[in-house]
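Working notes, structure below.
The values are calculated or read from the model by the stated rules, or taken from the named source; none is laboratory data. Remember, it's a predicted structure, so these values are computed and weren't measured experimentally. Every residue, glycine as well, gets a Cβ built from its backbone with ideal geometry; the counts of neighbours run over all protein chains shown. The area values use the complete protein model at the heavy-atom level, side chains included, leaving out ligands, DNA and RNA. Shrake-Rupley method; radii C 1.70, N 1.55, O 1.52, S 1.80 Å.
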Amino acid sequence: MDTNKTLMLPGAKSTIAGDVDSLFNFILYTTGAIFILVVVVMMYFAIRYRQRSGKAEVTSGRDYNHVLEVIWTVIPSILVMVVFFWGFKVYMKMNIIPRDAIEIKVTGQKWFWTFDYDEGINIVNELVIPVDTPVKLLMSSQDVIHSFFVPSFRTKMDVLPNRYSLLWFESTEVGEYDLFCTEYCGKGHSEMIGKVRVLPKVEYEKWLVESAVEDTTTPLAELGEQLFKKKACFTCHSIDGSRLVGPSFKGIFGNPVKHNDGTTATVDENYIRESLLDPQAKVVDGFAPVMPTYQGQLTDREIDGIAAFIKTLK
Ligand code: CUA
């Protein structure tokens, strides 16, 4: 896993992470050294030229020194130029996407990530990628601005509605890394987290093949429970009765619910199906209409599975 942990930053696990860290450390240490120098000299002068009782000393009237002026203009200018050109070089490296990169579509929405692969796979909150391979992410948002951030890769990019943003990286070590949304996007923002799972190339190919096949053997309720985790339903719905963004699933099946328009209905298979495909049709009283539709993202068998799972939550 994350074996390379340091005091300040998580282990550097992408091809650009080392470049980012070198520049970061350069800025940190030069500004740190200048800070200490300024504070030390300031304290020395404060003590050296303090007002002493009994002596009305007149300080020097000198207010200009040519050599000092040149020194404190030239040295910072050189440092700023170094940081600019160094930063520009790293920036270019982060932004020029290799032609052979594999492309994955990323969708951010309140409050989860969806990853779509060309092979027809779509998963929530888990990005699976091969090691030592450039990966290009084509990203957009369904609602507000989110931001895709993998600290171990030193990579981060805003995810916008009505516009695509691109990000690429190449991971250098097999493992599991944290993924965060790093743009405040509403009350579920802190829950908008996921994992990046980096697999050896052979295992990635195997994973692609296995994931593309529809699961027809798992019992319905079990399939529903898997989907509850895989599709991140738990972000908004609890199964123990506690109140989250949406109503809890505990004990709702077979019981009446009240809607915000005053109507009531009994929760059954049809009700659950409609809630998944057209979530705004009936909104439970006291909750905001924020659920996204799962139209096109669930097969009929998967919808059956979710209903069967909710039925078990007595
Ligand atoms: Cu999405 Cu914060």
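Among the residues of the stretch 202-228, what is the count of those that are within 24 Å of the chain's Cα centre (by Cα) and farther than 17 Å from Asp116 by Cα?
Going through the stretch 202-228 one residue at a time, the tally reaches 2.
Please pick out the residue among Ser190, Ser242 that is surrounded by fewer than 16 Cβ atoms within 10 Å (Cβ to Cβ), within 16 Å of the ligand (Cβ to nearest atom) and of a type outside the set (D, E, K, R).
None of the other options fit; the residue is Ser190.
In the stretch 273-305, which residues are outside any loop (DSSP other than H, G, I, E, B) and over 21 Å from Lys258 (Cα atoms)?
Passing the criteria: Asp300, Arg301, Glu302, Ile303, Asp304, Gly305.
Taking the criterion of being out of contact with any helix residue (DSSP H, G or I) (no Cβ under 8 Å at 6 or more places or on another chain) and either open to solvent by less than 60 Å² (accessible area, probe 1.4 Å) or not assigned by TED's automatic domain parsing to the domain that holds Leu127 (or both), would at least one residue in the stretch 299-310 satisfy it?
yes
Between a residue in the stretch 88-102 that is open to solvent by 70 Å² or more (accessible area, probe 1.4 Å) and any residue that is among the β-branched types (Val, Ile, Thr), which pairs come within a Cβ distance under 7 Å, given they are 6 or more apart or on different chains?
So the pair list comes out as Lys93/Ile16.
Suppose we keep only residues that are out of contact with any Phe, Trp or Tyr (no Cβ under 6 Å at 6 or more places or on another chain) and over 17 Å from Ile97 (Cβ atoms) within the stretch 142-157. Which one would you say is most open to solvent (accessible area, probe 1.4 Å)?
That would be Gln142.
Going through Ala232, Ala212 one at a time, which residue ends up being open to solvent by 30 Å² or more (accessible area, probe 1.4 Å), touching a Phe, Trp or Tyr at 6+ places or on another chain (Cβ under 9 Å) and under 24 Å from Gln295 (Cβ atoms)?
From the options Ala232, Ala212, the qualifying one is Ala212.
Going residue by residue through the stretch 132-141, is there one that turns out to be within 10 Å of the ligand (Cβ to nearest atom), crowded, with 17+ Cβ neighbours inside 10 Å and not charged (D, E, K, R)?
yes
Within the group Phe148, Phe180, Phe153, which residue is touching a Leu at 6+ places or on another chain (Cβ under 7 Å) and either in contact (Cβ under 8 Å) with a residue 40 or more places away in the chain or within 16 Å of the ligand (Cβ to nearest atom) (or both)?
Result: Phe148 is the single residue among Phe148, Phe180, Phe153 that is touching a Leu at 6+ places or on another chain (Cβ under 7 Å) and either in contact (Cβ under 8 Å) with a residue 40 or more places away in the chain or within 16 Å of the ligand (Cβ to nearest atom) (or both).
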